[in-house]
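Since the structure comes first, as structure tokens, the remarks are kept for the end.
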Amino acid sequence: MPKMKLTPLVIPVVKRVCNPGHVAQAISLHRNRKKERRVVDDAQLQLYAQILPREFLHFAYFENADTAPEDISLNELLDAQHHYAEQFIGLVTDKDRPVLDIGCGMGVISSMLQERGFSPVALTPDRYQIAHIKSKYDTIPSLHTKFEDLDAADHAGKYGTLLNAESFQYLKLDRALPLVDKLLAPGGKWIICDYFYREPQVNRSPHHFDGFLERLKSMNFVVASARDITANVLPTLKYIHMWASRFGLPLMEFATMKLRKKQPGVHHLIEPGLAKLRLLIDEQLRIIDPVCFAQLHQYMLLEIQRA
């Protein structure tokens with residue numbers, strides 16, 4: 001294989017590091033990084049859409065929970081994501097009143113509902129997602145807002161079904177639960193498919209499962225059906241963790257070794273940053289570690305109704 005010459009790549013970086021104007025701009029960009037977070041989120045969603053051509057942004061559901069990650073092809077993963085959607089769409093039964101798809105992602109689930117004769121309304125606060133939905137699914141009504149900011153008076157008693165497909169964890173329950181109560185029509189249901197903490201956590205997403213059940217009781221809601229599908233979604237994490245640990249991390253370490261050999265001076269300058277990057281990667285690998293995930297979380301499919 002031909003050897004890569006790193007000098008042409010490194011010189012522009014060194015020039016910027018030595019230029020006071022670029023240093024000042026870098027400091028400004030760092031200070032304003034929270035203001036630019038939405039731009040980063042948009043790019044991340046576009047990346048997901050390109051990698052996953054069916055545009056599902058959620059876990060996959062595997063009937064065989066013991067599926068080994070080495071045996072999963074990309075098409076099998078995409079099929080399992082579709083199967084995941086089928087799990088909760090099967091619980092939607094009211095075709096007479098609209099279905100509010102809360103945190104609708106790229107709009108695929110709303111599209112599936114429409115194909116089955118339901119009347120979905122897609123809701124998302126993300127500007128990239130809403131533009132995509134308006135362009136690709138222009139027959140589906142859409143709302144560009146956070147769920148908690150929805151006007152309760154305009155939507156009171158309108159929906160036969162509220163749907164949270166891996167978007168429940170982002171809701172602020174103090175505001176969301178009263179709004180759910182106002183938006184649901186008599187006899188309506190709330191369907192949630194998402195993961196919860198097994199034990200209480202302080203100000204962290206997702207929500208604590210038992211704590212959520214207690215809050216439902218106080219709001220006069222009951223869980224009509226509940227399925228723990230943790231084992232069925234774990235192959236997704238096993239697959240991601242395999243690629244990250246067996247390929248992504250070794251490739252990064254290889255690149256670091258090449259840099260240290262070819263450009264020892266540059267490596268010395270950025271070595272502290274590389275060390276922090278490695279710690280960050282290790283932290284992310286722990287988050288997607290299937291064993292750790294199952295210890296901390298339970299993934300639930302819930303059907304909720306008024307008592």
So, first residue over 12 Å from A85 (Cα atoms) in segment 103-128, second residue acidic (D, E) and surrounded by 24 or more Cβ atoms within 10 Å (Cβ to Cβ), Cβ within less than 6 Å, six or more apart or across chains; the pairs are P120/D101; A122/D101
For residues that are within 30 Å of L216 (Cα to Cα) and among the β-branched types (V, I, T), scanning just segment 249-307, find the one that is modelled with the lowest pLDDT.
-> I287
Please go through segment 67-85 and pick out each residue that is without any contact (Cβ under 8 Å) to a residue 24 or more places away in the chain and either more than 21 Å from the chain's Cα centre (by Cα) or more than 24 Å from Y128 (Cβ to Cβ) (or both).
-> D71, S73, N75, E76, D79, H83
Count, please, the residues in segment 278-307 that happen to be exposed (fewer than 10 other Cβ atoms within 10 Å of the Cβ) and in contact (Cβ under 8 Å) with a residue 24 or more places away in the chain.
-> 1
Matching entry among K158, K146 (being touching a residue at least 40 places away in the same chain (Cβ under 8 Å) and surrounded by fewer than 21 Cβ atoms within 10 Å (Cβ to Cβ)) = K158
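For L237, state whether it is modelled with pLDDT of 80 or more and within 25 Å of T67 (Cβ to Cβ).
Working: modelled with pLDDT of 80 or more: yes; within 25 Å of T67 (Cβ to Cβ): yes.
It is true that L237 is modelled with pLDDT of 80 or more and within 25 Å of T67 (Cβ to Cβ).
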Pairs where the first residue, in segment 260-277, is of a type in the set (V, I, T) and the second is part of a helix (DSSP H, G or I), C-beta under 8 Å, 6+ apart = V266/V10; V266/V13; V266/V14; V266/L259
Would you point out which residue out of R278, R286 is touching a Cys at 6+ places or on another chain (Cβ under 7 Å) and either within 16 Å of L234 (Cα to Cα) or assigned to a helix (DSSP H, G or I) (or both)?
-> R286
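Between Q87, Q129, which is within 19 Å of L171 (Cβ to Cβ) and part of a helix (DSSP H, G or I)?
Exactly one residue qualifies, and that residue is Q129.
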For D181, all conditions in the list (1) more than 15 Å from R306 (Cα to Cα); (2) assigned to a helix (DSSP H, G or I); (3) of a type in the set (D, E) hold save one; what is the number of the exception?
-> (1)
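Return a yes/no flag: does segment 94-110 have any residue that is over 20 Å from the mean Cα position of the chain (by Cα), of a type in the set (D, E, K, R) and not in a loop (DSSP other than H, G, I, E, B). Don't jump to the end; show me each part of the working.
Our first condition is that a residue be over 20 Å from the mean Cα position of the chain (by Cα); within segment 94-110, this holds for 94-99.
Okay, now just the ones that are also of a type in the set (D, E, K, R), so 94-97.
Subset that is not in a loop (DSSP other than H, G, I, E, B): none.
No; the residues of segment 94-110 include none that is over 20 Å from the mean Cα position of the chain (by Cα), of a type in the set (D, E, K, R) and not in a loop (DSSP other than H, G, I, E, B).
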Is at least one residue of segment 158-170 assigned to a strand (DSSP E or B) and acidic (D, E)?
-> no
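Of all the residues that make up segment 249-307, how many are over 30 Å from S225 (Cα atoms) and not aliphatic (A, V, I, L, M)?
Taking segment 249-307 as the starting set, the residues that turn out to be over 30 Å from S225 (Cα atoms) are 249-286.
Narrowing further to those that are not aliphatic (A, V, I, L, M): 250, 253-254, 256, 258, 260-265, 267-268, 271-273, 276, 278, 282-284, 286.
Residues in segment 249-307 being over 30 Å from S225 (Cα atoms) and not aliphatic (A, V, I, L, M): 22 in total.
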Of the residues that make up segment 221-230, is at least one part of a helix (DSSP H, G or I), within 22 Å of the chain's Cα centre (by Cα) and surrounded by 12 or more Cβ atoms within 10 Å (Cβ to Cβ)?
-> yes
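The values are calculated or read from the model by the stated rules, or taken from the named source; none is laboratory data. All figures in this text were calculated on a predicted structure; none of them were measured in a lab. Here Cβ is always computed from backbone atoms with ideal geometry, including for glycine, and neighbour counts include all displayed protein chains.
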